[in-house]
Each structure stands twice: as C-alpha cells, then as structure tokens.
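Colleague: Dumping the structure here so I can ask a few things about it.
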Amino acid sequence: MAITDLQKMLAKPLDAVGLTFNKHDTDRDSFMLRGALAKQGFDIWRHCVHGVSETTGKERSFIIDFGGENPQLCEEEPVFSKDGTKPSWFAVMAAVCGEEGSVLTRYFPWDSVSTGTEMNVLVSAEDCFLSETRTMGRIEVTAEDVEKDPIDHPEAGKLIWDLKINKRIALNLGYSTSGPLRDAEIMDAYWHTEGLVTEYDGMIEWNGEKYTVKPETSYGYADKVWGKNAGERWEYISCSDLISKKNGRLKNSGFAFGEGTQIKVGPIDTQNALAGGIYLDGETYEFNFSKMWMLTRSQTGEKRNGRKCMFAISEETPLSRVRLKVICDRSQMREVNVETTSGDRRKMLVGGDGKAELLIERKKVSLKNKWEWETVDVLRGEHVFVSFMDSKNKK
C-alpha cells in the first residue's frame, strides 16, 4: 500500500476489520538496518522466557535481546556515545530477573556480525546465534570488565543458553509495519510480534545454576522493535499465561500491548501511539492506531514507587473494549542502561513476573433493541513481561 492510498485506507468501513491478526510474516523479523537506518537506526530481537532451577525448583524469568545500532558508523571495536559521537555496536543482552538477578551484556563490532535468511538465520556474532527456531549463546562479564566500564558492564556474571523456539501465535499489526510504510520511514519505531505465544524448550545456565525450560511452562514471548530512534516513552506488556474466570487456565491465548512510537503522515499525528491485541482461544481483539477505520480510543496510566510498578491500559473500539491492570514487584525487576541511536542514555525497567487483570467486553444488541456492553470474559494473567522506559529516567 502506497502513502497515496491513505485516503482509501481511512475510508474503509468499520466492518472491514480483518478476521484475525494471527498472520505470521517472518519478513518483518529480518534485519532492517539498511538505507538511512544504517546510519541512524536500531534493531532489536527480544525473547522472554521462564525456566525452573534444577537445584531449588524455583522459577525465574529471563529476557534475551539481540540488537544493535548504526552499523554504517562501525569501527574495529564497538563505539559508545562520547562527546556527541553516535554509538555503533551490536550486543547480546540478558536480563536475569527476580531477586538477586543481574543484567549482562556482550558487545561486538559490526564487522563480526552476520545477518541473513539462509536456514532461517536472523543474526549471529561469534558463538551467539539467533534464528526463527533456535537461539544459542554465551555472555560472560568479568570483574575486570566491570571495573573498566561500570556503565556498559554494571554487573559481572556468566550466562549460557540453548533454546528451541516455536512461535505459535503472531500479533501482526498490518499496515503499520508493512513494506511501503517501512520504506517511507513515517514512524520513529516499528513493532512486530511473530511470537505472541511462543514455546521454548531447552536449558539456561546462570552463574553455574541450571534452569530447565519446557514448552508448557516457558510462558514465552518473542517480538522485534526497530526504527530511527527510541521514543521519549516506551512501554511493552505481554503475557501468555492466562486464567479465564469461565474456563480456567488457557493453553492457546495471550496478549501484548506496546506504546511509544510517533507517526506523522497526512491527517495522522500520533504521539506515543498505543497498539496491541488479545488472542483468546482463537478469537482476536485488536486495538490498532494504524487502522484508522477501527476508531480505537486509548488511555494509559502508571504509578511507581520503591516497591511496586503499576500500569493501566484502556482500549476501546465501537465494538469491543478491554481494561487491563498490571502490577509488578519492583524487587523482581532489573534496571537496564539503554543507549539510543543519537547517544542519549536512559534507564529501562524490565521484568517477567508481573500479574494482570483483564476485563474484555463487546457490543451486543439487547432484547430492548439497544447496543449494550456484555462481558466476554474476566482474565487473570501471571508471568507477565513488562519493559518500561521514559524521559524522566535519562542518564
């Protein structure tokens, strides 16, 4: 779809909404830092997973990111922002969430990074590897690394992983991440979720402690974010461990919501646009700012203190609406130091042990021949992944 087709897109009737957002498209998972984005752009593949300790039997959540910035500015060693210099590096980052967790990052120069599509390979750097169906790697940060560079290596530790990946349900936002709109670069950042519900199978070893990852209890999630620069405010919330008030624990359901990009084209001028969807046993509820005919209205709220992080999302179209509340224990979250493509430093809080409450409703014609809201289901979410960043946390 060309930008010139915008008027046609806006003129679509309400009932033209697609039947499902569960449309896999691995092209949107491919490497995106070409053209203008090679000089100023970022690309991140994110994988969120839970494992169980073989020693203690306790659960722990892990977030493993592959990503980089500004490859066209590469040098023989990773370049970090200094005195106005734009960064240029590739990194594999792991957040080990929960009590006494850690954040470990391994940096590479772009010359040692390979990207491609052969055998579903997305990106690899030395012994760190990511494809659509598997990821393996090792990150080791020594005490000497921390002493030398406490900003980019705040903690020492060692993580090794080998995981099979099965992306079962997708959250495809359609137009907003389609090829023409990507080529036009009308947004600061783009988001695609190839694995709204993802099963992981394998092993993670952290500082000598082994964690078993099984498909039925991994409660996994995999997505991708890329673009020119991170927005002033970012929020991502996802969950694939849902308990229905009507039907008990669900095996084929999940939700994700993301906020933070900006779009300016024609009559559209959206700051901190919110998008997302709920997949409920084959039925989809989509809330997507890029599909203007859906007439989506959004509200968000947040509260933070030393103990809790609380998020609230309200999404409504003329035919459906959702109320979502998420609470995270601050002690279970990790703080990640983020360097933007322009060289700014920010802090992001990430975690995988949040709890959620969802109320899903839809419009129905009553016996009195009036449109009224009816409750579809009330859901409880566990093992909720949250990542949060805003301008108040600039370094």
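Colleague: How big is the C-alpha Rg of the chain next to the rule-of-thumb value 2.2 N^0.38 Å, as a ratio?
Modeller: So the Cα radius of gyration is 0.97 times the expected 2.2 N^0.38 Å.
Colleague: Please report the accessible area of Ile151 (heavy atoms, 1.4 Å probe, ligands and nucleic acids excluded) in Å², nearest 10.
Modeller: Its accessible surface works out to 100 Å², give or take rounding.
Colleague: Give the carbon-plus-sulfur fraction of the accessible surface of the chain in %, rounded to a whole number; probe 1.4 Å, heavy atoms of protein chains only.
Modeller: 48 percent
Colleague: Further, regarding this structure: Can you give the three extents of the C-alpha atoms in region 285-384 along their principal axes, from longest to shortest, in whole Å?
Modeller: Dimensions of region 285-384 along the principal axes of its Cα atoms: 56, 31, 19 Å.
Colleague: Let me ask something else about it. Convert each backbone phi in region 50-58 into a coupling constant with the Karplus relation 6.51 cos²θ - 1.76 cosθ + 1.60 (shift: θ = phi - 60°), then list the ³J(HN,Hα) values in order as whole Hz, x for Gly and Pro.
Modeller: With coefficients 6.51, -1.76 and 1.60, one gets 10, x, 10, 5, 6, 8, 9, x, 8 Hz.
Colleague: A further question follows. Around Lys164, what is the net charge, scoring Lys/Arg as +1 and Asp/Glu as -1 over all other residues with Cβ under 10 Å from its Cβ? Walk me through the numbers before you get to the answer.
Modeller: On the way: positive: Arg134; negative: Asp162, Glu199, Asp201.
After counting each charged neighbour, the total is -2.
Colleague: If you add up the charges near Thr300, with Lys and Arg at +1 and Asp and Glu at -1, over every other residue whose beta carbon is less than 9 angstrom from its beta carbon, what do you get?
Modeller: -3
Colleague: To continue, here is another question. How would you classify region 299-357 from its alpha-carbon gyration tensor, with a ≥ b ≥ c the square roots of the eigenvalues: rounded for a/c under 1.5, else prolate if a/b is greater than b/c, otherwise oblate?
Modeller: Oblate shape, in that a/c is at least 1.5 and b/c is the bigger or equal ratio.
Colleague: Sticking with this one: Give me the tail of P(r) for region 62-176 as a percent: Cα-Cα pairs with distance above 22 Å.
Modeller: The answer is 42 percent, as a whole percent.
Colleague: Something else: How much net charge surrounds Gly277 when only other residues with a Cβ under 12 Å from its Cβ are counted (Lys, Arg +1; Asp, Glu -1)?
Modeller: Values: positive: Lys23, Lys291; negative: Glu283, Glu286, Glu315.
Local net charge: -1.
Colleague: Right, next: Rank these residues by their accessible area, most exposed first, probe 1.4 Å: Val197, Val146.
Modeller: If we order Val197, Val146 from most to least accessible, we get Val146, Val197.
Colleague: Another question about this same structure. Report, ordered by chain and residue number, the lysines lying within cross-link reach of Lys39, taken as a straight Cα distance under 29 Å and ignoring same-chain residues fewer than 8 apart.
Modeller: Partners found: Lys82, Lys86, Lys148, Lys224, Lys228, Lys264, Lys347, Lys392, Lys394, Lys395.
Colleague: In region 55-122, if every C-alpha pair distance is counted and binned at 10 Å from zero, what percent goes to each bin?
Modeller: 18, 36, 28, 16, 3
Colleague: How much accessible area per residue does region 344-389 have, in Å², with a 1.4 Å probe?
Modeller: Averaged over the residues of region 344-389, the accessible area is 50 Å².
Colleague: Also, quick follow-up: What residues have an amide H closer than 5 Å to that of Ala156, excluding those fewer than 5 places away on the same chain, when H is modeled at 1.01 Å from N in the peptide plane?
Modeller: Amide H to amide H, under 5 Å and 5 or more residues apart or across chains, Ala156 pairs with nothing.
The values are calculated or read from the model by the stated rules, or taken from the named source; none is laboratory data. What you are looking at is a predicted structure, and each value in this text was computed from that prediction instead of being measured. Using ideal geometry, Cβ is built from the backbone for each residue, glycine included, and neighbour counts are taken over all protein chains shown. Ligands, DNA and RNA are stripped out before the accessible areas are found, and what is left, the full protein with its side chains, is counted by its heavy atoms. Shrake-Rupley method; radii C 1.70, N 1.55, O 1.52, S 1.80 Å.
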